[in-house]
Amino acid sequence: MSENAAPGLISELKLAVPWGHIAAKAWGSLQGPPVLCLHGWLDNASSFDRLIPLLPQDFYYVAMDFGGHGLSSHYSPGVPYYLQTFVSEIRRVVAALKWNRFSILGHSFGGVVGGMFFCTFPEMVDKLILLDTPLFLLESDEMENLLTYKRRAIEHVLQVEASQEPSHVFSLKQLLQRLLKSNSHLSEECGELLLQRGTTKVATEMEFRHVAQAGLELLNSSDPTDSTSQNGLVLNRDQRLAWAENSIDFISRELCAHSIRKLQAHVLLIKAVHGYFDSRQNYSEKESLSFMIDTMKSTLKEFQFVEVPGNHCVHMSEPQHVASIISSFLQCTHMLPAQL
């Protein structure tokens, strides 16, 4: 185990899939109740490194890298990333782990994927924990735009595949600056944590060519001297994931309500005070959150909503704000009151 390994980490996993492998990391007790941890868009399994050691260690936690993220294989050329394909990845992973019933802990996009899996395979999920998870709802009068969104997603993938722009290697400092600039919720420490698993070192020109041929993303640099760098980093994630609309599905409120009625397990929704919804100026985003909370409260027998101090990445930057809430929920020691 490396000196940078997260406390309590017991193993790195590599699960075979038809296009390569799904990478994951595991904590806790192999004999304990299983919990699958799902990271956010463009993040990786290391986003749980600071949270899971604070949770009860008599559970077995597995944090996977979605396809095209972290250390997992990219999809084959020409094969797109869709929400449904990420849902199917979960089914493959739990089949490989021989889990028949488990809990899901999902942050942001991971919560969306986990929630969709929950609706699709309700008999397999015991508890669902959503960490500052957004919705992708469309009002009835917006549904006519759905095909436009799908068309843009297809065209974006084709543009990425056709791009022949020169690629460059970056230093850790450069990558960290770019990551923090594009994600105001991340602290420098959390950014470095994600880059540890989300990058590959390039030590020689030969190695650089090998990595580039493997399909890893090489970011363009405004500094022409970077092109000759022999000691730098490349991002592991697939370039086709760079546009969020490629990986999400917009649904109507009617379909959302119908899906929630399918849920059969306990659900915990944690919202950060300065999280995803706080950063959105769009009124419909916040109204969608109220719609989801109201629907879950009126539909589910076991539902908890808790608001905590922190930003969208609170589970990384200030994990103590959510650890006790998640621990109590997993152990079912008591029901927490909804804080609306």
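Some notes on this structure:
- Segment 59-129, relative contact order [Cα under 8 Å, separation at least 6], %: 25
- Across Lys262/Lys286; Lys127/Lys150; Lys98/Lys201; Lys14/Lys127, pairs whose alpha-carbon gap is larger than 27 Å: Lys127/Lys150; Lys98/Lys201
- Label zone at Tyr149, where the point sits 7 Å out along the Cα-to-Cβ direction: segment 97-132 residues whose backbone N lies under 16 Å: 109-110, 112-113, 116
- Percentage, to the nearest whole number, of Cα pairs in segment 1-122 over 19 Å apart: 43
- Over segment 34-81 - Rg/Rh using Cα atoms and the Kirkwood inverse-distance radius: 1.08
Since every read-out is calculated from the coordinates, none of them should be taken as a lab result. Worth saying up front: this structure is predicted, and the values here are computed from it rather than measured. Positions of Cβ are backbone-derived with ideal geometry, glycine not excepted, and every protein chain shown enters the neighbour counts.
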